[in-house]
Amino acid sequence: MWPASAVSAPGGDVAVAGVSLTELADRYGTPVYVLDEDEVRSRARAWRRALPDAEVVYAGKAFLSRAVVDWMDEEGLGLDVCSAGELELAATRGFPAERIVMHGNAKSPQDLRTALRLGVGRIVIDSDCEIARLAAQVTGPQAQQVMVRVLPGIEAGGHKKIRTGAEGQKFGLSIAGGDAEDAVARILGQPRLELTGLHSHLGSQIASPEPYAQNVRRVIAFMARIRDRYGVTLPELDLGGGFAVAYLPGDPAPAPAAYGRRINDELVRACAESDFPLPRLTVEPGRSIMAPAGIALYRVLSVKRGGGQVFVAVDGGMSDNPRPALYGARYTVRMVGRSSTAPMRTTTVVGRHCEAGDVLAESVELPEDVRPGDILAVPASGAYHVSMASGYNLTGRPPVVAVSQGRSRTLIRRETFDDHRRRDIGL
């Protein structure tokens with residue numbers, strides 16, 4: 001759950017990349033998100049080693065900043081974006097457009113215009129509506145490379161709200177229902193679009209390689225059917241992401257190599273059975289690169305004891321981490337910066353917002369003498385926290401601080417009331 005560089009330090013503290021978490025909380029204030037740059041880079045490299053012949057594309061929705069764009073570029077990864085905003089951010093850093101994949105189940109006209117203007121490598125078609133709309137906007141001499149997002153009909157993922165490969169939900173086009181094949185036929189009839197392959201994404205927090213193997217079998221069989229019916233051998237297969245990380249002790253979280261071995265073995269087998277040439281493989285890890293590199297730091301504001309329960313309220317909450325409220329995500333919490341000999345007590349850590357559902361962590365063990373002013377650290381907080389943060393109660397989104405080799409630097413500053421005031425222009 002913690003970065004590999006995390007070590008216990010005197011006085012109950014924890015140091016990450018040689019930097020004290022207590023000192024970071026004091027220097028930058030709380031809430032604050034700490035990101036171990038070397039952990040991010042190490043995990044990116046692990047994915048490249050796991051699938052050396054594949055294209056590894058970082059899913060920017062997990063967390064994206066200018067520094068992260070640079071890290072992914074330097075580590076040789078591609079970039080998966082879901083909006084014109086994410087795409088423009090990548091462009092400000094000079095990220096190679098040909099290594100960018102544009103996603104989205106409902107791309108806006110601005111999204112498509114920006115993708116075409118900047119020359120992204122592939123645009124993933126997610127509905128019939130996008131085909132003619134996109135083709136009409138391609139004005140250059142080169143056809144725009146596209147993929148079709150297919151629904152393989154596989155249930156996988158840690159919660160029903162993050163399962164995206166099953167039938168009957170908003171993403172993709174069904175293989176079984178014929179929608180995917182209809183889209184393929186329409187794209188093949190568009191001279192301004194070049195169909196390079198198929199894309200799929202099963203969901204998030206998938207803690208076994210087996211669903212990916214099953215996905216490979218179904219999609220390769222579909223690619224073989226396209227070849228037989230339309231005479232087109234598609235050269236690319238994108239399996240998406242969703243690889244699990246540990247949030248609690250004992251959570252299953254296979255290494256990239258475990259996923260890579262199983263995917264490669266099944267790809268070779270499925271292609272041999274269908275007499276289909278091995279396509280170029282793409283995977284899109286986001287959470288598995290970013291989540292374990294991040295730690296959220298909060299300061300305790302109040303402690304309530306009564307009715308056999310302990311509620312510890314902190315200075316953040318669902319505005320900087322909506323995952324527990326959205327789909328019951330669970331976390332480990334540790335007090336840092338003070339040693340305690342008090343017995344451990346089952347505690348609920350709650351946020352500061354006026355919502356009963358503003359609970360950050362249930363049934364965590366904290367010292368019985370936890371008190372206002374104490375600092376709490378929440379590991380595995382690098383993904384889908386700041387990227388999903390809101391301006392609820394005008395509390396301001398927290399800063400993100402990178403640590404590496406004993407030094408820290410601000411990646412994203414704290415949002416202030418002046419930021420809100422400048423946006424509110426009504427009289």
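Relative to the longest principal axis of the C-alpha atoms of the chain, give the angle of the C-alpha long axis of helix 210-230, reported between 0 and 90° and rounded to the nearest 10°.
Roughly 20 degrees, rounded to the nearest 10.
On a full-extension model of 0.36 nm per residue, what is the gain between ARG305 and ARG27, subtracting their alpha-carbon distance, rounded to one decimal in nm?
97.0 nm
Taking 0.36 nm per intervening residue step and subtracting the Cα-Cα distance, what contour gain separates ALA143 from SER174 on full extension?
Numbers: separation 31, 0.36 × 31 = 11.16 nm, distance 2.53 nm.
Using 0.36 nm per residue and subtracting the Cα-Cα distance, I get 8.6 nm.
Where does the chain land at 222 nm, in deg cm²/dmol rounded to the nearest 500, when only DSSP H runs of n ≥ 4 count, each adding -39500 (n - 2.57), divided by all residues? Can you show the working numbers first?
On the way: 12 runs with 126 residues, N = 427.
After summing the helix terms and dividing by the residues of the chain, the value is -9000 deg cm²/dmol.
If I model a spin label at LEU394 and THR346 as a point 7 Å from the Cα along the Cα→Cβ vector, what separation in nanometres do I get?
Calculated label separation equals 4.1 nm.
Taking the Cα atoms of the stretch 299-427 alone, what are Rg (to one decimal) and Dmax (as a whole number) in Å?
Considering the stretch 299-427 through its Cα atoms, Rg and Dmax are 16.1, 56 Å.
Out of all DSSP beta bridges in the stretch 309-395, what portion is antiparallel? Express it as a percent rounded to 5.
75
So how far apart, in nm, are the two label points at GLU415 and SER208 if each is 7 Å from Cα heading toward Cβ?
3.9
If r is the Cβ-Cβ distance from LEU427 to ALA185 and R0 is 45 Å, what FRET efficiency results, to the nearest 0.05?
On the way: r = 54 Å, r/R0 = 1.21.
Working from the Cβ atoms, E equals 0.25.
What's the FRET efficiency of ALA272 with GLU194 using the Cβ-Cβ distance as r and R₀ = 22 Å, to the nearest 0.05?
Values: r = 27 Å, r/R0 = 1.23.
With a Förster radius of 22 Å, E is 0.20.
So what does log10 I(q)/I(0) come out to for the stretch 149-296 at q = 0.14 Å⁻¹, using the Debye formula with one equal point on every Cα and no solvent?
-0.68
Can you give me the Kirkwood hydrodynamic radius for the stretch 377-427, using every pair of distinct Cα atoms, in Å to one decimal?
Values: mean 1/r = 0.0771 Å⁻¹.
About 13.0 Å, per the Kirkwood formula over Cα pairs.
When ranked by the protection proxy of mean other Cβ atoms within 10 Å per residue, highest first, what sequence do the peptides 127-139, 36-48, 258-270 form?
On the way: 127-139: 15.3, 36-48: 20.6, 258-270: 18.3.
Sorting 127-139, 36-48, 258-270 by mean packing, highest first, produces 36-48, 258-270, 127-139.
In degrees between 0 and 90, to the nearest 10, how far off the longest principal axis of the chain does helix 256-274 point, with axes built from Cα atoms?
Value to nearest ten degrees: 20.
On average, how much area does the Cα convex hull of the chain cover when viewed from any direction, in nm²?
On the way: hull surface 90.2 nm².
Taking a quarter of the hull surface, the average projection is 22.5 nm².
Out of all DSSP beta bridges in the chain, what portion is antiparallel? Express it as a percent rounded to 5.
Values: 35 of 70 bridges.
That works out to approximately 50 percent antiparallel.
I'd like the carbon and sulfur percentage of the solvent accessible area for the chain, probe radius 1.4 Å, heavy atoms only, ligands and nucleic acids excluded. Display every interim value, and only then the final one.
Numbers: 8750 of 17990 Å².
Carbon and sulfur: 49 percent of the exposed surface of the chain.
Mind putting a number on the dipole of the chain about its Cα centre? Charges go on the C-beta only, +1 for Lys and Arg and -1 for Asp and Glu, and I need it in Debye to the nearest 20. Show your work: numbers first, answer last.
Numbers: 50 positive and 50 negative charges, 89 e Å.
In debye, rounded to 20, the chain gives about 420.
The values are calculated or read from the model by the stated rules, or taken from the named source; none is laboratory data. Given the structure is predicted, the values throughout are model-derived calculations rather than measurements. Here Cβ is always computed from backbone atoms with ideal geometry, including for glycine, and neighbour counts include all displayed protein chains. Surface areas here come from the heavy atoms of the whole protein model, side chains and all, with no ligands, DNA or RNA. Shrake-Rupley method; radii C 1.70, N 1.55, O 1.52, S 1.80 Å.
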